[in-house]
1. When the residues of segment 579-598 are filtered to those that are part of a helix (DSSP H, G or I) and under 30 Å from the mean Cα position of the chain (by Cα), which remaining residue is nearest to I547 (Cα to Cα)?
2. Considering only segment 201-216, how many residues are part of a loop (DSSP other than H, G, I, E, B), in contact (Cβ under 8 Å) with a residue 60 or more places away in the chain and more than 20 Å from F241 (Cβ to Cβ)?
3. Hey, any hits in segment 230-250 for a residue that's at pLDDT 95 or above and within 30 Å of C295 (Cβ to Cβ)?
4. Go through the residues of segment 378-394 one by one and say whether even a single one is over 29 Å from H567 (Cβ atoms), part of a strand (DSSP E or B) and without any contact (Cβ under 8 Å) to a residue 40 or more places away in the chain.
5. So, in segment 605-630, of the ones that are in contact with a strand residue (DSSP E or B) (Cβ under 9 Å, 6 or more places away or on another chain) and among the aliphatic types (A, V, I, L, M), which residue ends up farthest from I544 (Cα to Cα)?
6. Which is within 40 Å of the chain's Cα centre (by Cα), surrounded by 16 or more Cβ atoms within 10 Å (Cβ to Cβ) and modelled with pLDDT of 95 or more, of L151, L134, L102, L142?
7. Could you go through segment 565-584 and let me know if any residue there is touching a residue at least 40 places away in the same chain (Cβ under 8 Å) and at positive phi.
8. Any idea which of F241, F249, F264 is over 17 Å from the mean Cα position of the chain (by Cα), assigned to a strand (DSSP E or B) and touching a residue at least 12 places away in the same chain (Cβ under 8 Å)?
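The values are calculated or read from the model by the stated rules, or taken from the named source; none is laboratory data. Keep in mind that what you see is a predicted model, and the values were worked out from it rather than measured. Cβ placement follows ideal geometry from the backbone for every residue including glycine, while neighbour counts extend to all protein chains displayed.
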Amino acid sequence: MSLIFIFFLLSHFTLFTSPSPINSNNSNVIILTPNKTLSSQNQTFELCFLNLQNQNQQQPSYYLVIRFTSLPSPNIIWVANRNKPISSLSGSSLQLTQTGQLVLLTQNAVVLWQTKTNFNTNNKSSTTILQPKLLENGNFILVNNHNGVVLWQSFDEPTDTWLPGMNLTRVHNLLSWKTLTNPSNGFYSLRLKPPNYGQFELVFNETVSYWSTGNWTGGSFSDVPEMMIPYLYRFDFKDAFLPTASFGFSERTMDNGVRPPTMFRVEPFGQIRQYTWSNQAGSWNMFWSRPESICSVRGVCGKFGVCTGEMSRVCECVKGFVAVDGGGWGSGDYSEGCWRGERVCDENDGFEDLGAVRFGFGNVSTFTAKSKSLCESGCLGSCDCVGLSFDEKNGFCKNYFGSLFDFQNLTALESGRGDGNVLYVRVPGGRGEGKIKRLSGNVLSGVIIGCVLFLVLGVVVVTLVVLIKRKRLKKENDNEFDPILNLKLFSYKELQLATRGFSEKVGHGGFGTVFKGELSDSTVVAVKRLERPGGGEKEFRAEISTIGNIHHVNLMRLRGFCSENAHRLLVYEYMPNGALSAYLRKDGPCLSWDVRFRVAIGTAKGIAYLHEECRSCIIHCDIKPENILLDGDFTANVSDFGLAKLIGRDFSRVLATMRGTWGYVAPEWISGVEITTKADVYSYGMTLLELISGRRNVEAPPSSGDRKSGCETEEKWFFPPWAAQLIIEDNMAAVVDKKLGNVYNIEEVKRVAMVAVWCIQDDEAMRPTMGTVVKMLEGLVEVPLPPPPKLLQALVAGESFHGVKADSSNAVSTVDSSSGYDNMEVSAADSESCIGDVFSES
């Protein structure tokens, strides 16, 4: 009778309830049927059957999944039968066996998925009650209600998604979906790297590692400095560097007491991405991914596929090739790559220039040849040869056999200037594709007449083009600058000559490499060549539209640009003293306080101009020392507007995907809300702290020199909260750069330091505008004592990452409790060695 009652409950539970406890002595009990769902207590997650049929499939594909109940894609966090879809739900069900196993069965009792649990039914089985539950964290568990022991949980069998509370171990990895709509096993996995298990790595096809976090340093992974900024997560790594290693994370509560949904996912195209739900935007906010460029992922485009970097179409085939799996490419699966089609190779094949690229290949044959044509002849002599490279300097010819894959563009610095690194892929030629058919007289006459008409039309078109071009050239001679943007349009050849073949690299940013050049009128310029996949078109257009018509002494001047074919280049004034970041290294040159103070005010004026004086308000979105350049007089110039956002004067906020640089990004941006100009104010405040202290905001902590031997990497810590605490306590001497000695104006230091703390307040409403910041720095507005940022309070209370905690004797202590700021060793430099006019206190 009890069994009948249990069946009645299970067949009628709604999406608001969990199944009733089940006695494991009885026969199989149905937990879930296709027309039902099992929800967590607050309906955050649900367990249900879902059809993931894509357009190329003829029949449905049902899966048992856990997903966010009311959020849009990506919302599926776990799939049971990922490699065995159900074609028909009729009679299918999730059941609990009398041995304590969860099984997914079809109508014909075929097992599509089952847990590895094996509950002992002997002796005590009659008193043991089992109950499946879906928890509020998304974990589906089978629990023994008698003793509370969890017999099985979905967190121990993760698919592609990593949630708070889930631990990854040596045996628990993440494995991507095959495509965005096909949850079967993909090619990319995130795992603890064997044999030491002290870092994570992304792996292609279970064998090829293409990205790693770097070793665990006690508070973060060495190559993931973003972990040092604890806005969202707390991380826990147990038994690091041991086979029993286990790593997990938990979510911090926001100021309003809410924890927004968040997750990490290994995507079908090989990136790991972090998502946080934004209620205000009504969408998922993706603000961190690695590798940063999708084109750095191994195998993403398959053989003879070229990565474009555009998410609308990640890959394209080499010219003359077609997709092996056209349907797969349509659904986002590019792994099968491209092929020549049915066209057989012959001596009429040609070669497609892919430029300087890094790539993978099967076999290679190297020999010397007197010319590139002889190198090509060698390749054309074998149908197995698929490409070549030729170095004209030494005559080395390389013929590649088998297949080519993983094409990645190289910068001039990486590839050198020889043509030997240019890859030529063998492509089908225009001849030899079949015998020429004999044409009839009428057809031949028609062809001749058509050719004549086409020739006449061509002459007319060419004449018009020449006339238009002459008119344009005449206009350029009268005024060589564009009348709308006041920018010169350069040809690629001009800039190639100006930079001597892009030979002198002076910098490298997220969107390209910067080279020093000299124009025909002897003007020295900086040429930025955008090198992101797809030419960085969005950043290129943003830069031109943002600063094309802006002129301010503290904003980098754009002189012109090149938009020729696939080339995207920007030409700026040359800044001989480089970026501010160069002066913030311990072993770098030192700026005098006078110069630092002028840089602080100049940078503030430049940002204030963008916010308050332009026709459209401009949010820079990436204020940091690398983007503050110094001219010959050490005047600050705000640069790099590739991430800038323009908003009308009638609007105060703009919704933007989290970009910028970790360590300078405002908390509200990370939480996914619409940003204001106060996001730049926050970044500016972080930069001010670095300017005062002469150090970066994430670096090794103060040390007494007592290092543990055998450590590969140093512990890193987040500097701004530590500095802000001392500033509020009026301990300026502990914060100011030791290389300055005592040669600085203490009142100016206090003013700049307190402005910095005001700028990094967690609540954006408490941050001053940049216009007010300028007045504060110039002494026109009094700077009151700022309150401690809430993040700071959490950090010094010991609620944050390892390494910063309260200490009654010395304000704060560092990783080693015996070492503090007072005994920190800084690379020695007298104040007289600092660059700029030395300010003497009166």
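1. To start, the set of residues in segment 579-598 that are part of a helix (DSSP H, G or I) comprises 580-583, 593-598.
From the residues that got through so far, the ones that are under 30 Å from the mean Cα position of the chain (by Cα) too are 580-583.
Numbers: L580: 21, S581: 22, A582: 24, Y583: 26 Å.
Selected residue: L580.
2. So in segment 201-216, the residues part of a loop (DSSP other than H, G, I, E, B) come out as 205-207, 213-215.
Among the residues that remain, those that are also in contact (Cβ under 8 Å) with a residue 60 or more places away in the chain are: 205, 214-215.
Cutting the leftovers down to more than 20 Å from F241 (Cβ to Cβ) gives us 205.
Residues that pass the stated criteria total 1.
3. So far as segment 230-250 goes, yes, one or more of its residues are at pLDDT 95 or above and within 30 Å of C295 (Cβ to Cβ).
4. Taking segment 378-394 first, the residues over 29 Å from H567 (Cβ atoms) are 378, 380-385.
Still in the list and also part of a strand (DSSP E or B): 385.
Then keep just the ones that are without any contact (Cβ under 8 Å) to a residue 40 or more places away in the chain; that gives none.
Within segment 378-394 (the criterion being over 29 Å from H567 (Cβ atoms), part of a strand (DSSP E or B) and without any contact (Cβ under 8 Å) to a residue 40 or more places away in the chain), the answer is no, since none of the residues qualifies.
5. Here the answer is L630.
6. Only one candidate passes the filter, namely L134.
7. yes
8. Values: F241 fails: assigned to a strand (DSSP E or B); F264 fails: over 17 Å from the mean Cα position of the chain (by Cα).
Selected residue: F249, the only one of F241, F249, F264 that is over 17 Å from the mean Cα position of the chain (by Cα), assigned to a strand (DSSP E or B) and touching a residue at least 12 places away in the same chain (Cβ under 8 Å).
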